[in-house]
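In what follows, a structure is listed as structure tokens, so that the remarks can point back to it.
The values are calculated or read from the model by the stated rules, or taken from the named source; none is laboratory data. Bear in mind the structure is a predicted one, so any value in this text is a computation, not a measurement. FYI the Cβ positions are ideal-geometry reconstructions off the backbone, even for glycines, and counts take in every protein chain you see.
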Amino acid sequence: MDKLVIRGGHPLHGTVSTSGAKNAALPILIATLLAPGEHVLDNVPELVDVSLSLSLLGRIGCPSLVLDGDSARVRLDTTRIAFSEAPYDIVRKMRASVLALGPLLARQGRARVSLPGGCAIGVRPVDQHLRGLEALGCHFELSGGYVKGVVEHLRGAEFRFDMPTVTGTENVLMAAVLADGVSVLHNVAKEPEIVDLARFLRSMGARIQGEGSDTITVDGVPALRPSRQPYRIMSDRIEAGTYLVAGAITGGAVTVEHAPVASMGPLLAALAAAGCEISTDGPDADGDATRVHLRRSGRLLPVDIDTAPHPGFPTDMQAQWMALMSLADGTTRIRETIFENRFMHVAELSRLGARIQPDGNQALVQGVPRLEGATVMATDLRASASLVLAGLAAHGTTELLRLYHLDRGYEHLCQKLAVLGADVHRVPDDVRVMPAAAPAPAPAAAADRAAG
């Protein structure tokens, strides 16, 4: 197993490009099951979760080919489905595997999908998936840690989610496109990745309206066919935001290319309020991404945030924001409203010298003059990112353990940070790292000490 070694305390400068969005790529890969034939997807990020999705599709009977090149192109053949099952050994590693439930029921009329590892019905609500699919005519049986679903005939229905759920919305939406009649889904999640999924489904012949709003209307069709053109997956707004925060936390100047700026409003506003200069140009050829420039030369100002479903401040940027505010000039209140237990990074940031006081679903962050390098351990994907950011700003050497979390959501992280001038290296866990040498004193200061 590897670890990340970061020698921080240096401003980052330069330009970095955003990869395809993990949270858009995963449902789109699974959605190819709805249309028999050959699919070509562009801008697919090279991530562990993507590899797991391709493995799942392969187990089902749909082979894939990852093509080399700048486009990150993947070719999938979903002509034949041999097995209607998402087994535990894959689902336990990636919750998004539960998204196979809707497409398999719609295409095959049956599905057997493992419950996500460590997740009981009602916690991170898988029950919303099942209730929505039941409204479309599906029947479920829970046994041995698996959900077994069958349906004789999918029929359009009206359904209201108890709460906005991203994967729940995606699962029910994918089944509804092949239902007989009109489905109206209320209180749906509005995340940009759902909008991208709806665009992809439309490219295969689905009839969908209202994505990005509270209500999605689906006019079911008898069958779908693969997109006639390669479909390009949207850029990753969380990755783009993480690199912007990297520039802000180190007091540097970075440009992030192919950033989906239209979906990053709350973060960009918060960065500007924190004392960063933000400007954009574009859009690119696809019309929905642009270039973002960030510069910070003065002090960091404290900016309170509450996470919220889109279009609010994204929960997936909360940990990164906490790392940034640990160096702000004052006290910041951060409130997490989406997930429980999402302050696990607090203890590790504290090892680097951050002063954070958690209290239930909120935390008070008292900014400190500087962070100091230490050995820390990642607890989840976004916590990992927050520790990388803190390590980039910290004086001395930071070692980050459990890199498999980062590999799930950040493509070529070390290479991209190196382009910005970061001293970041990936090495085996058992490699002993020498601490960074202290900077040599300025001549005048050395002379003063000698005189004293």
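Structure values in brief
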{"read-out": "Tabulated pairs, region 328-342, first under 17 Å from Leu271 (Cβ atoms) and assigned to a loop (DSSP other than H, G, I, E, B), second modelled with pLDDT of 95 or more and of a type in the set (Gly, Ala, Ser), C-beta under 6 angstrom, 6+ apart or interchain", "value": "Ala328/Gly367; Asp329/Gly367; Gly330/Gly367"}
{"read-out": "Some residue of region 115-123 being surrounded by fewer than 18 Cβ atoms within 10 Å (Cβ to Cβ) and in contact (Cβ under 8 Å) with a residue 40 or more places away in the chain", "value": "no"}
{"read-out": "Candidate set from region 33-72 (those that are free of Cβ contacts under 8 Å to residues at least 40 places away in the same chain and in contact with a Lys or Arg (Cβ under 6 Å, 6 or more places away or on another chain)); member that is farthest from Arg110 (Cα to Cα)", "value": "Leu67"}
{"read-out": "Selected residue (only one of Leu41, Leu29, Leu76 is touching a helix residue (DSSP H, G or I) at 6+ places or on another chain (Cβ under 7 Å) and in a helix (DSSP H, G or I))", "value": "Leu29"}
{"read-out": "Number of the exception - Ala289 against (1) in contact with a Gly (Cβ under 7 Å, 6 or more places away or on another chain); (2) at pLDDT 95 or above; (3) buried (at least 17 other Cβ atoms within 10 Å of the Cβ); (4) not polar (S, T, N, Q)", "value": "(2)"}
{"read-out": "Residues within region 383-424 that are more than 19 Å from Ser17 (Cβ to Cβ) and either of a type in the set (Ser, Thr, Tyr) or not assigned by TED's automatic domain parsing to the domain that holds Trp321 (or both), tallied", "value": "5"}
{"read-out": "Flag for Ile338 being more than 24 Å from Glu399 (Cβ to Cβ), among the aliphatic types (A, V, I, L, M) and crowded, with 23+ Cβ neighbours inside 10 Å", "value": "no"}
{"read-out": "Residue count for region 41-86, restricted to those that are among the aliphatic types (A, V, I, L, M), more than 19 Å from the chain's Cα centre (by Cα) and surrounded by fewer than 19 Cβ atoms within 10 Å (Cβ to Cβ)", "value": "5"}
{"read-out": "Test: residue in region 299-320 that is touching a Ser or Thr at 6+ places or on another chain (Cβ under 8 Å), hydroxyl-bearing (Ser, Thr, Tyr) and assigned to a loop (DSSP other than H, G, I, E, B)", "value": "no"}
{"read-out": "Per-region count, region 239-257, residues of a type outside the set (D, E, K, R) and either modelled with pLDDT under 95 or surrounded by fewer than 23 Cβ atoms within 10 Å (Cβ to Cβ) (or both)", "value": "4"}
{"read-out": "Qualifying residue in region 245-261 (condition: in a helix (DSSP H, G or I) and more than 17 Å from Ser326 (Cβ to Cβ))", "value": "yes"}
{"read-out": "Residues within region 382-401 that are under 25 Å from the mean Cα position of the chain (by Cα) and surrounded by fewer than 20 Cβ atoms within 10 Å (Cβ to Cβ), tallied", "value": "2"}
{"read-out": "Residue list for region 201-244, restricted to those being closer than 23 Å to Lys22 by Cα, outside any loop (DSSP other than H, G, I, E, B) and among the charged types (D, E, K, R)", "value": "Arg202, Arg232, Arg237, Glu239"}
{"read-out": "Residues located in region 342-353, provided they are more than 20 Å from Val433 (Cα to Cα) and in contact with an Asp or Glu (Cβ under 9 Å, 6 or more places away or on another chain)", "value": "Arg342, Phe343, Met344, His345, Gly353"}
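Quick grid of which residues meet (1) closer than 20 Å to Gly168 by Cβ; (2) touching a helix residue (DSSP H, G or I) at 6+ places or on another chain (Cβ under 9 Å); (3) among the hydrophobic types (A, V, I, L, M, F, W, C):
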site	(1), (2), (3)
Pro45	no, yes, no
Asp49	yes, yes, no
Leu54	no, yes, yes
Lys93	no, yes, no
Gly109	no, no, no
